[in-house]
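Only the coordinates and a few stated rules stand behind these numbers; no lab work does. What you see is a predicted model, and the numbers here were worked out from it, not measured in a lab. Note that each Cβ is placed from the backbone with ideal geometry, even for glycine, and that neighbours are counted across all protein chains shown.
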Amino acid sequence: MRIVVDTNLLVSGVISSGGLPRQLVDAAKAGEFELCTSEVLLAELLDVLLRSKFAARLAQAGLTPEGIVGELRRLAVVASTPAVPPRVVPTDPDDDHVIAAAVAANADLIASGDKRHLLLLGTFAGIPIITAREAIERLGARSKT
């Protein structure tokens, strides 16, 4: 299964020691699914992790923003996306990059915590857009079959 995990879930997953976003990151590391992303999404992740509000938490865990992004780059399928993706999410053009990554990577789903934009779409080009909880449930159901 190929999953694009949006930036907000990845940030939560790498800075927390528990919770559903962390379970997604751990499942990707364990090879339970192929994490898919793009250069634009990796750059966005780095930008967010470089914010001062995360500095102490990352330092305490012995992590750096660059190290986290480097590890995810090695772990993930990095899809080639257009520099200017098609407009899909009218109220948040940054979310268009998530959609573009999923389409380019031929992802099976998008996991998001964005209730105002991405989750409202529900699906795009046959790719379901679901919560972290739903993604974990689907991975669990898949491992039981």
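Fewest-first ordering of Thr81, Thr37, Thr123 by other beta carbons within 10 Å of each residue's beta carbon gives Thr123, Thr81, Thr37.
For the range 75-84, the Karplus equation 6.51 cos²θ - 1.76 cosθ + 1.60, evaluated at θ = phi - 60°, returns couplings of 6, 8, 7, 9, 7, 8, 10, x, 4, 10 Hz by residue, with Gly and Pro reported as x.
Over the chain, DSSP H runs of length four or greater, each weighted -39,500 (n - 2.57), average out per residue to a 222 nm ellipticity of -15500 deg cm²/dmol.
Going by neighbour counts of Cβ atoms within 10 Å, the residues Leu121, Leu24 line up, fewest first, as Leu121, Leu24. Once the Cβ-Cβ distance between Arg142 and Arg116 is put in as r, and R0 is 22 Å, what FRET efficiency do you end up with, to the nearest 0.05? Result of the calculation: an efficiency of 0.15.
Note: the chain, Cα convex hull, 107 Å³ per residue.
Between rounded, prolate and oblate, where does the range 18-75 land on the alpha carbon gyration tensor, with a ≥ b ≥ c its root eigenvalues, rounded for a/c under 1.5, else prolate if a/b exceeds b/c? Here the range 18-75 falls in the oblate category. Amide H to amide H, with H built 1.01 Å from N, Val77 comes under 5 Å of Leu35, Cys36, Thr37, counting only residues 5 or more places away or on other chains. Computed from backbone phi with θ = phi - 60° and the Karplus coefficients 6.51, -1.76 and 1.60, the 3J(HN,Hα) list for the range 88-104 is 10, 9, x, 8, 8, x, 4, 5, 4, 5, 5, 4, 4, 5, 5, 5, 5 Hz; x is used for glycine and proline.
Count charges around Ser17 for me, please; just the other residues with Cβ under 11 Å from its Cβ, Lys/Arg as +1, Asp/Glu as -1.
Details: positive: Arg22, Arg57; negative: Asp26.
Taking every Cβ under 11 Å from that of Ser17, the sum is +1.
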